[in-house]
Amino acid sequence: MAIRQIIEAPDPRLKVISEPVEAVDDDLRQLMDDMAETMYAAPGIGLAAIQVGVPKRVLVLDISSDEEESDLRYFVNPQIVWTSNELAIYNEGCLSLPEYYAEVERPAACRVEYLDYDGNRHTLEASDLLSTCIQHECDHLEGILFVDHLSSLKRDMILRKLAKAKKLKAAE
Ligand code: GNR
Ligand code: NI
């Protein structure tokens, strides 16, 4: 297992549409193991493969709190097949937009079809934070960041500040 570097905005790779996985094999499991280790090290509660530069439709999630038992989930080729009409607002963050948080409104519940770590097919109905996270991660597979759900004013302010911070860091 290895911790991989997380790509931060602005970076054109974060806008790439990820490709479906053809086979859940040992190579893919190696990627999923690395993604889980990278997510825990960050620390974060979810990670999409494109955030470590791999344009494949793979996610890892663990929304358990520190006091709870870990609840690591792998999603290969996830497809959101239903969303509720009811909406919910969460204060979202993203490992690719470090230190920025904003309230994002999304469907409160969703149903997702996916393959697990062993390539077995599942359907999961999620609500609350799990639903928000699944939607946030599935957005990454389409090259969408949570700031793309905000007004252009708010989005541009955050992206400008991130670009400036990156420039300062590069000049160090
Ligand atoms: O660690 C993360 N926290 C988070 C909080 C609220 C809504 C979504 C998230 S996902 C984020 C990790 C990440 O960037 N995943 O893509
Ligand atoms: Ni994210």
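The values are calculated or read from the model by the stated rules, or taken from the named source; none is laboratory data. These figures come from a predicted structure and were not determined experimentally. Here the Cβ is made from the backbone with ideal geometry for all residues, glycine too, and neighbour counts use every protein chain on show. Surface areas here come from the heavy atoms of the whole protein model, side chains and all, with no ligands, DNA or RNA. Shrake-Rupley method; radii C 1.70, N 1.55, O 1.52, S 1.80 Å.
Computed per residue of the chain from DSSP H runs no shorter than four, each worth -39500 (n - 2.57), the mean residue ellipticity at 222 nm is -9500 deg cm²/dmol.
Solvent-accessible surface of protein heavy atoms, probed at 1.4 angstrom with all chains present, puts THR132, THR123 in the order THR123, THR132, largest first. Peptide packing: for 91-99, 12-20, the average count of neighbouring Cβ atoms within 10 Å per residue gives the ranking 91-99, 12-20, highest mean first.
A Cβ-based charge dipole, computed about the Cα centre of the chain with Lys and Arg at +1 and Asp and Glu at -1, lands at about 1100 debye.
Starting from the Cα gyration tensor of region 86-144, take the square roots of the eigenvalues, sort them a ≥ b ≥ c, and report rounded, prolate or oblate (rounded when a/c is under 1.5, otherwise prolate if a/b is larger than b/c, else oblate).
Because a/c hits 1.5 or more and a/b fails to exceed b/c, region 86-144 counts as oblate.
Summarised as an ellipsoid, the chain has semi-axes of 25, 20, 15 Å, derived from the eigenvalues of the Cα gyration tensor scaled by 5 and square-rooted, with the largest first. Placing ASP25, ASP66, ASP116 in order of accessible area, with the largest value first and a 1.4 Å probe, yields ASP66, ASP25, ASP116. Only lysine pairs 8 or more places apart, or on different chains, with alpha-carbon atoms under 21 angstrom apart are counted in the chain, and they number 10.
Each Cα pair under 8 Å and six or more residues apart adds its sequence gap; the mean of these over the residue count of the chain is a relative contact order of 23 percent.
Ranked by solvent-accessible area (1.4 Å probe, protein heavy atoms only, all chains present), the residues HIS140, HIS122, HIS149 order from largest to smallest as HIS149, HIS122, HIS140.
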